[in-house]
Structures are given as structure tokens and as C-alpha cells.
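Undergrad: I'd like to ask you about the structure that follows.
Read-outs: derived from the displayed coordinates by stated rules, not from any lab. All figures in this text were calculated on a predicted structure; none of them were measured in a lab.
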Ligand SMILES: [Zn+2]
């Protein structure tokens, strides 16, 4: 969910929370892929035929590729969430995350927001 859509639908704090949950879900997937890689490598040792070894090697390779993808996704989502969170504090009253969406660009990642407490406006850019 893009930042603008998230602020509009559920508010900044819920958007941030959901981004963290999504990113850590990808971290859990990375761990499961590592288990798959090690399981496939371990089963390669016990097999005798080349066909089975190739099959286990391909399984390890697929798990490794999925793990790299999941790790990159985890880092990207976490970075975006943290980058937005560092810009979510009102400069006037220091309220954190209490903001409303005023305007968004076409990408939904550059937004103008307004503080719910004091009405101060500023931009958040990802
Ligand atoms: Zn404020």
C-alpha cells in the first residue's frame, strides 16, 4: 500500500504498523528459505544418483533465490517505513504520526500532510 493511500484509508500510524508487519513477514520467509536451502543441501549428501542430486541442487537454488528476493523486500519495506516515520513528526507541536493527508502526487510517495493538533503542514517524501 502506497503512503498516500495508507494515510487516506487507515491513517499514518496504522500504515506504518502494517508496513513493519509486512516487512517482518518477508524476514520470516527469508528464514524459511534458508531452512529449505540447508534441507536440500543435507538431502543431497545422502542421495546416490545424479538425477536426485540435480533435483536437490535445483531445490536449493530456488530456495536461495526466493530467500534473496524476500530479504531484499524486507529491507526495502523496512527502509521505506522508517524513512517515512522519521518525517512524521510535526515541527510545530512535536506530535508524532497525528496527521491528515492534504495532497499527493501521482506516485503516492510524495505527500503533503497536515498536523491534526495544530494544523501545521509539511511534505513527506519517500
Ligand atoms: Zn502539530
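Undergrad: Compute and list, largest first, the equivalent-ellipsoid semi-axes of the chain from the alpha carbon gyration tensor, each √(5λ) rounded to a whole angstrom.
TA: Details: eigenvalues 410, 28, 16 Å².
After diagonalising the Cα gyration tensor, the semi-axes are 45, 12, 9 Å.
Undergrad: Could you give the length gained on full extension between residue 65 and residue 2, defined as 0.36 nm per residue of separation minus the Cα-Cα distance, in nm? Walk me through the intermediate numbers first.
TA: Values: separation 63, 0.36 × 63 = 22.68 nm, distance 2.59 nm.
Extra length from residue 65 to residue 2 when fully extended: 20.1 nm.
Undergrad: Contact order normalised by length for the chain, with contacts defined as Cα pairs under 8 Å and 6 or more residues apart; what percent is it? Please report the intermediate quantities before stating the final value.
TA: Working: 165 pairs, mean separation 34.8, N = 126.
Once divided by the residue count of the chain, the mean separation gives 28 percent.
Undergrad: Once the piece of chain linking residue 49 and residue 22 is laid out straight, how much longer is it, given 0.36 nm per residue of separation minus the C-alpha distance between them? Please list the in-between numbers first.
TA: Numbers: separation 27, 0.36 × 27 = 9.72 nm, distance 4.07 nm.
Length gained, residue 49 through residue 22: 5.7 nm.
Undergrad: What is the helix-to-structure angle for 50-85, meaning the angle in degrees between its Cα long axis and the longest Cα principal axis of the chain, kept from 0 to 90 and rounded to the nearest 10?
TA: So the helix axis and the longest Cα principal axis differ by about 10 degrees.
Undergrad: Hey, what angle do you get for helix 12-46 against the long axis of the chain, alpha-carbon based, 0 to 90 degrees rounded to 10?
TA: So the inclination is approximately 10 degrees.
Undergrad: Continuing with the same structure: Rounded, prolate or oblate: which fits region 1-43, taking a ≥ b ≥ c as square roots of the Cα gyration tensor eigenvalues, rounded meaning a/c under 1.5, else prolate when a/b beats b/c? Working shown, then result.
TA: Working: a/c = 7.75, a/b = 4.70, b/c = 1.65.
It comes out prolate by the Cα gyration axes.
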